[in-house]
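The values are calculated or read from the model by the stated rules, or taken from the named source; none is laboratory data. The shown structure was predicted, so the numbers you read here are calculated from the model rather than taken from an experiment. Cβ atoms come from the backbone with ideal geometry, glycine included; neighbour counts cover every protein chain shown. What goes into the accessible areas is simple: the full protein's heavy atoms, side chains included, and nothing from ligands, DNA or RNA. Shrake-Rupley method; radii C 1.70, N 1.55, O 1.52, S 1.80 Å.
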Amino acid sequence: MQKLGFGMMRLPMPDPKEQSRVDEEQVCAMVDRFLERGYTYFDTAYMYHGGESENVVRRTLVERHPRERFLLADKMPLFHFRPEDTEEEQAALFQEQLDKCGVTYFDYYLLHSVTAAGYEIARRLRTFEFLAEQKAQGRIRRLGFSFHDKADVLDRILTEHPEVEFVQLQLNYLDWEDERVQSRKCYETVRRHGKQVVVMEPVKGGKLAKLPEEAAAILRQAHPDWSPASWAIRFAAGLEGVVMVLSGMSDMSQLEENTAFMAAPAPLTGEEQALLAQVAELLSALPAVPCTACRYCVDDCPQRIPIPEYFALYNADQPALRQGRPANREAYAGLAGSGGKASDCVVCRRCEELCPQHLPITDWLKRVKSTYEGS
């Protein structure tokens, strides 16, 4: 099995502000090319693209290719459930996912974005037990969970649920030694339990694909023909026990590049890993929001604030801000015209509850407000 997986969460869109509208003609071409090159793993989730990703998977993949030609992963969204919800709602949602995808089974199925709080939801709803029953019935082939918390929480879950076969982790060279994300510690915990690893966010929501020139020059000097994204994906793919590296590809050029170098990815040498550590140190010193643009924070925002887009503008503006002149005021005004301004935040903190990166989003929005709206 080739190690590159197609993450169906950053698909091409006619208008990025309308996440549920996907360019399905382009996705069909990308799916076909992905399969032609010998790759088979597709990853979706209930809330990707405003709840439309599973439907897009059905129309662009399932209805157009034999079921035995591909592997499909989906996820149980623990954060979707409210305190009053029961195991019956959980069972209904799982059936809805099968129906939306147009399949009778999932090759890989995960509890989505597990944290300490999410684990308590899973315990209350007996999610592990429910999914084990689905696996026994043949509706799940392999069972795992995606994880966004500290290594000690991960160790507890794997100790209490040895039936889990794999864990999906956020692994990239920037987060490797980050104490907030604990990529390395979580990876070592999974391997200590003898489980396989699926990698998400290898380029950290695109941040490692578009490096500042100073950082890009370090890598370009060693390999002029390697893109920054390929460095990041090679880092993740070369780790022992990694069976799949997901990439949310947004156009055919990204897919062509990724499938080309992942056909036979050479493990990074010690010297190459040292260069990545140098780049990570440089990036960590920059005053940027460590947002991966997963958009989990957006759907439940009562003010419809386009949080990831504002953070992307703020990050891109850092060189100009160091000289006291933000360059993206016009772009900010355009976004604010179709959604809430940063100053519209009511500090309900629902976004912070959902954020896999555990970011203090409301604090960062205050900085965005001060930068583009004045203090």
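Some values worked out for this structure:
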read-out: Test: residue in the range 312-333 that is closer than 22 Å to residue 113 by Cβ and surrounded by 14 or more Cβ atoms within 10 Å (Cβ to Cβ); value: yes
read-out: Tally, over the range 156-213, of residues that are crowded, with 21+ Cβ neighbours inside 10 Å, assigned to a loop (DSSP other than H, G, I, E, B) and not aliphatic (A, V, I, L, M); value: 7
read-out: Residue count, the range 220-259 (criterion: touching a residue at least 60 places away in the same chain (Cβ under 8 Å) and either assigned to a loop (DSSP other than H, G, I, E, B) or farther than 28 Å from residue 193 by Cβ (or both)); value: 10
read-out: Counted residues, the range 320-374 - those being outside any loop (DSSP other than H, G, I, E, B) and of a type in the set (Gly, Ala, Ser); value: 8
read-out: When residues of the range 278-303 are limited to those that are assigned to a helix (DSSP H, G or I) and open to solvent by 60 Å² or more (accessible area, probe 1.4 Å), the one farthest from residue 221 (Cα to Cα); value: 284
read-out: Index of the failed condition, residue 266 passing every other in (1) assigned to a loop (DSSP other than H, G, I, E, B); (2) among the hydrophobic types (A, V, I, L, M, F, W, C); (3) touching a strand residue (DSSP E or B) at 6+ places or on another chain (Cβ under 7 Å); (4) surrounded by fewer than 19 Cβ atoms within 10 Å (Cβ to Cβ); value: (3)
read-out: Selection status of residue 136, open to solvent by 50 Å² or more (accessible area, probe 1.4 Å) and among the hydrophobic types (A, V, I, L, M, F, W, C); value: yes
read-out: Residue list for the range 321-349, restricted to those being modelled with pLDDT of 90 or more and either closer than 21 Å to residue 47 by Cα or touching a helix residue (DSSP H, G or I) at 6+ places or on another chain (Cβ under 7 Å) (or both); value: 341, 342, 343, 345, 347, 348, 349
read-out: Residues being among the polar types (S, T, N, Q) and farther than 24 Å from residue 144 by Cα - total across the range 7-66; value: 4
read-out: Test: residue in the range 60-75 that is basic (Lys, Arg), closer than 27 Å to residue 297 by Cβ and open to solvent by 10 Å² or more (accessible area, probe 1.4 Å); value: no
read-out: Among (1) over 18 Å from residue 272 (Cβ atoms); (2) of a type outside the set (D, E, K, R); (3) surrounded by fewer than 21 Cβ atoms within 10 Å (Cβ to Cβ), the one test that residue 226 misses; value: (1)
read-out: Only one of 312, 288, 237, 266 that is modelled with pLDDT of 90 or more and among the small types (Gly, Ala, Ser); value: 237
read-out: Total residues in the range 116-131, condition in contact with a helix residue (DSSP H, G or I) (Cβ under 7 Å, 6 or more places away or on another chain), among the basic types (Lys, Arg) and either touching a residue at least 40 places away in the same chain (Cβ under 8 Å) or part of a helix (DSSP H, G or I) (or both); value: 0
read-out: Residue satisfying all of: in the range 91-133; β-branched (Val, Ile, Thr) and either open to solvent by 40 Å² or more (accessible area, probe 1.4 Å) or in contact with a Ser or Thr (Cβ under 6 Å, 6 or more places away or on another chain) (or both); nearest to residue 181 (Cα to Cα) among these; value: 121
read-out: Members of the range 8-48 found to be in contact (Cβ under 8 Å) with a residue 40 or more places away in the chain, closer than 28 Å to residue 92 by Cα and surrounded by 23 or more Cβ atoms within 10 Å (Cβ to Cβ), listed by number; value: 8, 11, 41, 43, 44, 45, 47, 48
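The rows are residues; the columns are (1) under 17 Å from residue 260 (Cα atoms); (2) part of a helix (DSSP H, G or I); (3) not small (Gly, Ala, Ser).
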residue: 6; (1), (2), (3): yes, no, yes
residue: 10; (1), (2), (3): no, no, yes
residue: 26; (1), (2), (3): no, yes, yes
residue: 29; (1), (2), (3): yes, yes, no
residue: 56; (1), (2), (3): no, yes, yes
